[in-house]
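The values are calculated or read from the model by the stated rules, or taken from the named source; none is laboratory data. Please read all numbers here as calculations on a predicted model, not as lab measurements. Every residue, glycine among them, receives a Cβ derived from its backbone with ideal geometry; neighbour counts consider all protein chains shown.
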2 protein chains.
Amino acid sequence: MGDADLYRRLDAMFFPRAVAVIGASEIPGKWGFMIITAIMSGGFQGSLYPVNPKKETIMGIKAYPTVAAIPETVDLAVITIPAAHVPQALQDCIAKGIPSVVLISSGFRETGAEGAVLEAEVTRIATAGGLTYIGPNTMGIISTHGHLTAIGVPIFPNPGALAIISQSGNLGMQIIQWAIHRGMGVGFYAGTGNEAQLKARDLLAYFGTRPEVKAVALYLEGVDNGRAFMETARAVTRTKPVVALKTGRSATGSKAAQSHSGSMAGSYATYSAMFKQAGIIQVSTPSELLNVSAALTHLPIPRSNRVGIMSLGGGWGVITADECETRGLKLPTLSPAIIEDLNRRIPPYWNRTNPIDLVGEASPELHLHTLDLLAHWDEVDAVIVLGVVGRLAITEAFITSQEKILGRVFSRELKLSVIKDQIQVENRFISEIARQQRETGKPILAVSLSEGGQTLNDTDYGTAMCLSSPEEAVTIIAYMAGYQAYLNSLITP
Amino acid sequence: MGDADLYRRLDAMFFPRAVAVIGASEIPGKWGFMIITAIMSGGFQGSLYPVNPKKETIMGIKAYPTVAAIPETVDLAVITIPAAHVPQALQDCIAKGIPSVVLISSGFRETGAEGAVLEAEVTRIATAGGLTYIGPNTMGIISTHGHLTAIGVPIFPNPGALAIISQSGNLGMQIIQWAIHRGMGVGFYAGTGNEAQLKARDLLAYFGTRPEVKAVALYLEGVDNGRAFMETARAVTRTKPVVALKTGRSATGSKAAQSHSGSMAGSYATYSAMFKQAGIIQVSTPSELLNVSAALTHLPIPRSNRVGIMSLGGGWGVITADECETRGLKLPTLSPAIIEDLNRRIPPYWNRTNPIDLVGEASPELHLHTLDLLAHWDEVDAVIVLGVVGRLAITEAFITSQEKILGRVFSRELKLSVIKDQIQVENRFISEIARQQRETGKPILAVSLSEGGQTLNDTDYGTAMCLSSPEEAVTIIAYMAGYQAYLNSLITP
């Protein structure tokens, strides 16, 4: 099968006009119920055909006894029936000319030798019939751009530029939930299940071709063909960054991964070497996977590894400088021009180094000016701002504390106006981060004073990203700079 | 000065009956305003005496022109006036017999040579007059057990068993804010400022003697007398765990720290060696500092480094196993008794290894039973539960998604009863974690499905801690096990 054929079928899977759910049910808790309600709740805009021989309607929609009875061409069938009936269902799909299937059903290779035989038969039928299927034993797929949520958990991310490929359904769902929590969009999600026919690398190649996708995030337990995976990855990373979380670092983890997805886990070091050669950004934790994915889909990539830091107080700057050095980032010595400029604006005992410590000076104009100085300083490729964002919580606490003692200190009007001012100051700063980021092409990361500050803030000038700790900001820049170094190595003779 | 004298003065500082604020003001934004309103809002229960020669009253309280005019014995003076007037103010305090001072004022050593001379004079006056002072250039102190919030930021943690000593005011405030966000109590906070007289080690020794304190968290940039610090720390860690975040790992960070607090940063490796020898738990990030502090004040310490893991799905178990191995924790092979027991309860293709993968089985009874099996398994010292807690968010999303399509699927009553059930199931599980934890003396950490799940949950049986990622749970256990190993090394010949 050529790539064009595969991509055509994957287009049918991720952008279907008509979907059949084989095993659709009205019994809450059943997969056939969860899938059809998810598709309906997810705002699917095409035709939906429940297939269930025992029912006239499912969830108020006319049901069909078989796919053959459906009056229209069907692009995608989602199958939730017991494993033993899957071969026949696939035959029916092929007879109907359905090009793509999401095979939710479990009871295949993951259950032992008998299941493995059944799985091989299913794959043989699909391949012979020119049908592409994902699974079995998958929680499903999401395509926000195709308005399709064919997944066993009711989870509805907003559209976005990230494609996620996961070899673990529960981890994949977790990642999407976290993304929603952070205000981060997801373009596509594919839980690959047992990967009997369609492999993670096929999806990686496909998402590499989709214009909606700016970056791909992978959760990998193992791949069956390292060389093929690497060739695909190497091609994709030339134009789109790919971030991977690979498990099986430890002997135990590796054993657990094997037992979970049945894949050959291989040596972790081998994978790391492969990722490096293919330009894949390898992260170590789910949080890093999300942070880096968010940055890659919203921020410019730094040209190199030099960082400028501004901080409202000393301690944070120190911690951030430490993290930079640990992660291979450079903090250039502050230029005489910047020192001279700031000498005119802040108390004479300021530190005159990078990180710049604004020694608690609270003037919004000074914050904006320092941001501007750092962003336009041609010796840095990225900027970290510590503690300017997130002051609102402190202002509110301050006012509340005043109210406890003497109502007269702040009138309700004054209080509202103080809070409004603070919101305006903060919004202006965030907007300015986005503007400077766009103007200079350098990523500018803010670390918020308030926890849970990990957000993506849309402004007129693009997105400003806030993290909840300095180490997260540093890690993101380090990974992005590493990817850029890889891209540079491709063009340098 | 003997330790007994010092501790008596520190008792006066952290448990004062009468407090004078020298420089008290009604002008919002001034330190003298912020301090007095913080003390008032913080619910101080003793006598409060604003000292300001130009005012009859401050914030509705009678003001005094000098401390000499105060009609009562004063235990603590908080000083916010300009540096140049501090020597006279200290003389006044000594004349009045005030044993302790929080010296907020800045403009000393951190501003240069002239400030350093002034600081030395202030210290000479204090020491000669038998007065103990913290600072200068500190944001202040908090003593929830003494009902005192003498700090420049309106931040009011609940009482707790943690004492925090910070060489950075802004980082200290940040740590307390995070603690509040997580529902974590703070017993004492001391921002040490320039440490002209009172050193971090003095406070460490003092908090070591306080019965309210179960653990001490340190943010250190550097200490001036490594030997003295280590002797103190070694004595304290015999009975109370001490966690430290030391900056200056990198050359840049070290330089920044030096410029910030003026202390000799020393080599990071030297500090690490010193911490190890003194039994101090050294963490690398502010988040770790908080997580480990929360665990040390609420959970039992594991006897050794063997961990049992249960998970609702494979992926998370794999990631957690990896992290355990990376951090030196052991995952014992599942015992035949546990395997046999679970064989009777879950589908035959379950993995039969540690981490136990419950392959998506949703029965609350099975979750409770597996928790019980792991907690009572004598080959493990700690338990991690992945994904049972935090399902409520998913249940709610599920119901919401149903409502979008067909109102009739769930009536309002049914919906409320489903959510109520889920809350009950979850509360029962959390309560059971706390019960098993108390019964077995093993820490049991839950990793929640929903982000922001980092909480301390009070139950009838004690506190159950939920983290928002597997790596956090693993890191906490690894640090605690390391401390226990240190304690064991003291008694093993």
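Tabulated values for the structure
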read-out	value
Hits in the range B:158-171 (condition: under 15 Å from B:I104 (Cα atoms), at pLDDT below 90 and not in a loop (DSSP other than H, G, I, E, B))	B:G169, B:N170
Top-ranked residue of the range B:40-71 - restricted to ones that are β-branched (V, I, T) and either not assigned by TED's automatic domain parsing to the domain that holds B:H85 or not in a helix (DSSP H, G or I) (or both), ranked as surrounded by the fewest Cβ atoms within 10 Å (Cβ to Cβ)	B:T57
Meets criteria (farther than 22 Å from B:E110 by Cα and either within 13 Å of chain B (Cβ to nearest Cβ) or of a type in the set (K, R) (or both)) for A:E325	yes
Subset of the range B:14-25 (residues that are over 8 Å from B:V78 (Cβ atoms) and assigned to a strand (DSSP E or B))	B:A18
Of all residues making up the range A:288-317, the number that are under 24 Å from the mean Cα position of the chain (by Cα), within 13 Å of chain B (Cβ to nearest Cβ) and surrounded by fewer than 22 Cβ atoms within 10 Å (Cβ to Cβ)	1
Positions within the range B:26-39 being in a loop (DSSP other than H, G, I, E, B) and without any contact (Cβ under 8 Å) to a residue 40 or more places away in the chain, in sequence order	B:E26, B:I27, B:P28, B:G29
Flag if A:T320 is hydroxyl-bearing (S, T, Y), more than 27 Å from A:K240 (Cβ to Cβ) and surrounded by fewer than 23 Cβ atoms within 10 Å (Cβ to Cβ)	no
Top-ranked residue in the range B:266-287 [being within 14 Å of chain A (Cβ to nearest Cβ) and among the polar types (S, T, N, Q); ranked as surrounded by the fewest Cβ atoms within 10 Å (Cβ to Cβ)]	B:S267
Selected residue [at pLDDT below 95, more than 10 Å from chain B (Cβ to nearest Cβ) and in contact with a strand residue (DSSP E or B) (Cβ under 9 Å, 6 or more places away or on another chain)] from A:L334, A:L358	A:L358
Qualifying positions in the range A:454-474 - out of contact with any Ser or Thr (no Cβ under 9 Å at 6 or more places or on another chain) and within 13 Å of another protein chain (Cβ to nearest Cβ)	none
Filtered residue count, the range A:152-168, keeping only those that are within 11 Å of chain B (Cβ to nearest Cβ) and either closer than 19 Å to B:E396 by Cα or surrounded by fewer than 24 Cβ atoms within 10 Å (Cβ to Cβ) (or both)	5
Residue within the range A:213-226 that is at pLDDT below 95, within 13 Å of another protein chain (Cβ to nearest Cβ) and surrounded by fewer than 18 Cβ atoms within 10 Å (Cβ to Cβ) present	no
The range B:107-128 - residue that is assigned to a loop (DSSP other than H, G, I, E, B) and free of Cβ contacts under 8 Å to residues at least 40 places away in the same chain and, of those, farthest from B:V74 (Cα to Cα)	B:G112
Residue satisfying all of: in the range A:189-208; within 14 Å of A:I142 (Cβ to Cβ) and not small (G, A, S); nearest to the chain's Cα centre (by Cα) among these	A:Y189
Residues being crowded, with 19+ Cβ neighbours inside 10 Å, over 18 Å from B:V380 (Cα atoms) and in contact with a strand residue (DSSP E or B) (Cβ under 6 Å, 6 or more places away or on another chain) - total across the range B:448-473	10
Residue list for the range B:174-186, restricted to those being within 9 Å of chain A (Cβ to nearest Cβ) and surrounded by 24 or more Cβ atoms within 10 Å (Cβ to Cβ)	B:Q174
Residue within the range A:288-301 that is farther than 16 Å from A:M480 by Cα and at pLDDT 90 or above present	no
In the range A:339-359, the residues that are surrounded by fewer than 18 Cβ atoms within 10 Å (Cβ to Cβ) and either outside any loop (DSSP other than H, G, I, E, B) or of a type in the set (S, T, N, Q) (or both)	A:I339, A:E340, A:D341, A:N343
Total residues in the range A:102-140, condition surrounded by fewer than 23 Cβ atoms within 10 Å (Cβ to Cβ) and within 14 Å of chain B (Cβ to nearest Cβ)	9
Scope the range A:286-344; condition charged (D, E, K, R) and either in the same structural domain as A:N457 (by TED's automatic domain parsing) or within 14 Å of A:A375 (Cα to Cα) (or both); matching residues	A:R303, A:R306, A:D322, A:E323, A:E325, A:R327, A:K330, A:E340, A:D341, A:R344
Set B:Y206, B:Y189: member being at pLDDT 95 or above, outside any helix (DSSP H, G or I) and surrounded by 24 or more Cβ atoms within 10 Å (Cβ to Cβ)	B:Y189
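To keep it simple, each residue is scored yes or no on (1) touching a Gly at 6+ places or on another chain (Cβ under 9 Å); (2) closer than 29 Å to B:A205 by Cα; (3) more than 14 Å from every other protein chain (Cβ to nearest Cβ); (4) charged (D, E, K, R).
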{"site": "B:A12", "(1), (2), (3), (4)": "no, yes, yes, no"}
{"site": "B:A38", "(1), (2), (3), (4)": "yes, yes, no, no"}
{"site": "B:L48", "(1), (2), (3), (4)": "no, yes, no, no"}
{"site": "B:K55", "(1), (2), (3), (4)": "no, no, yes, yes"}
{"site": "B:S100", "(1), (2), (3), (4)": "no, yes, yes, no"}
